[in-house]
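> Have a look at this one before I ask anything.
The values are calculated or read from the model by the stated rules, or taken from the named source; none is laboratory data. Keep in mind that what you see is a predicted model, and the values were worked out from it rather than measured. Glycine also receives a Cβ, built like all others from the backbone with ideal geometry; neighbour counts cover every protein chain displayed.
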Amino acid sequence: MDAFKGKVAVVTGGAHGIGKAVADAFAKEGAAIYVIDREPGDWFVGDISDPNLLEKFSRYVIQEQGRVDYLINNAKPPMIGIDECSWDAFVQALNIGVTAPFYLTKLFVPYFGKGASVINISSSRDRMSQPQTESYTAAKGGIAALTHAFAISLAGRVRVNSISPGWIDTTESTFTGPDILQHPSGRVGKPEDIAEMVLFLCSEKAGFITGENICIDGGMTKQMIYHGDHGWDYSAD
């Protein structure tokens, strides 16, 4: 415990799910936590797609702490498919999922402490898709690419990595049958699975890792699926 004592961690979309698990994990290790989320609560409340709000939030953090050690860009963009997604909705998804992480990182660049890390939360959907997921998928692909761009631009100052979660249950549900059997790991993921990787990537143990996108999906994206294999049956109907 106290591995991050005296450090300052910022988490976007930290009110619930993966973001909350990350904030809780940092807090248990002694870090000072600053969460921004549009859900009402005892954190900084607002929509991160508003650049004025991001400026206000960054000033608030710096006025209180003077620096940032870890920035976790986690806020979730909406998922709307091509049939229903309007121009404005698509732009909003990109604003939340790509533009806001870019701008918040930029705002904190002068204030990152020694050994600082930025972790962007992407998704396994940055490499695979279901129908009608265009807004979310584009945003997650964008932040995965933004990660390696940041890693090069900020080389020697900040390490930047991304994590691509697969199916992460945030409802504490119990899964059986195909839901777990389709995962080579034998289970659905938990927010804590992602939080543990965030802490590792922010630690000195990961000092030689930057620009990487690490997929944590129980092996699902590595499993080839063919009709008739492992009980899988494809029907065009």
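> Could we say that T176 is over 14 Å from the mean Cα position of the chain (by Cα), β-branched (V, I, T), within 30 Å of Y70 (Cβ to Cβ) and surrounded by fewer than 14 Cβ atoms within 10 Å (Cβ to Cβ) here?
No; evaluated as a whole, the condition is false for this residue.
> If S86 meets every condition in (1) buried (at least 16 other Cβ atoms within 10 Å of the Cβ); (2) without any contact (Cβ under 8 Å) to a residue 24 or more places away in the chain apart from one, which number is that one?
Result: S86 fails condition (1) only.
> Looking only at residues in the range 221-232 that are outside any loop (DSSP other than H, G, I, E, B) and not charged (D, E, K, R), which one is surrounded by the fewest Cβ atoms within 10 Å (Cβ to Cβ)?
Applying the filter and picking the extreme gives G231.
Residues are listed down the side, and each one gets a yes or a no for (1) in contact (Cβ under 8 Å) with a residue 40 or more places away in the chain; (2) in a helix (DSSP H, G or I):
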{"site": "F102", "(1), (2)": "yes, yes"}
{"site": "K106", "(1), (2)": "no, yes"}
{"site": "A116", "(1), (2)": "yes, no"}
{"site": "H148", "(1), (2)": "yes, yes"}
{"site": "G156", "(1), (2)": "no, no"}
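> Looking for something loosely packed, with under 14 Cβ neighbours inside 10 Å and either under 21 Å from T170 (Cα atoms) or of a type in the set (K, R) (or both) - is there at least one such residue anywhere in the range 106-113?
yes
> Of G218, G166, G189, which residue is more than 27 Å from K56 (Cβ to Cβ) and buried (at least 22 other Cβ atoms within 10 Å of the Cβ)?
The match here is G218.
> Looking only at the range 161-218, how many residues end up being hydrophobic (A, V, I, L, M, F, W, C) and either free of Cβ contacts under 8 Å to residues at least 40 places away in the same chain or under 18 Å from S129 (Cα atoms) (or both)?
13
> Within the range 40-53, restricting attention to residues that are farther than 20 Å from K20 by Cβ and in contact with a helix residue (DSSP H, G or I) (Cβ under 7 Å, 6 or more places away or on another chain), which residue is surrounded by the fewest Cβ atoms within 10 Å (Cβ to Cβ)?
Checked the range 40-53; the qualifying residue surrounded by the fewest Cβ atoms within 10 Å (Cβ to Cβ) is P51.
> Same structure, new question: Kindly evaluate I209 against the criterion of being assigned to a loop (DSSP other than H, G, I, E, B) and of a type in the set (V, I, T).
Answer is yes for this residue.
> When residues of the range 8-39 are filtered for being of a type in the set (D, E, K, R) and either more than 21 Å from P165 (Cβ to Cβ) or buried (at least 22 other Cβ atoms within 10 Å of the Cβ) (or both), how many remain?
Going through the range 8-39 one residue at a time, the tally reaches 1.
> Also, quick follow-up: In this structure, is G41 more than 18 Å from V118 (Cα to Cα) and touching a Pro at 6+ places or on another chain (Cβ under 7 Å)?
Here the answer is no, as G41 does not meet what is asked.
> While we're here: Filter the range 177-198 down to the residues that are under 20 Å from A21 (Cβ atoms), in a loop (DSSP other than H, G, I, E, B) and not polar (S, T, N, Q), then identify the one that is modelled with the highest pLDDT.
Step by step, filter the range 177-198, then rank; the result is K190.
> Criterion first (out of contact with any Leu (no Cβ under 8 Å at 6 or more places or on another chain), without any contact (Cβ under 8 Å) to a residue 60 or more places away in the chain, closer than 23 Å to P191 by Cα and buried (at least 21 other Cβ atoms within 10 Å of the Cβ)) does T133 satisfy it?
No; evaluated as a whole, the condition is false for this residue.
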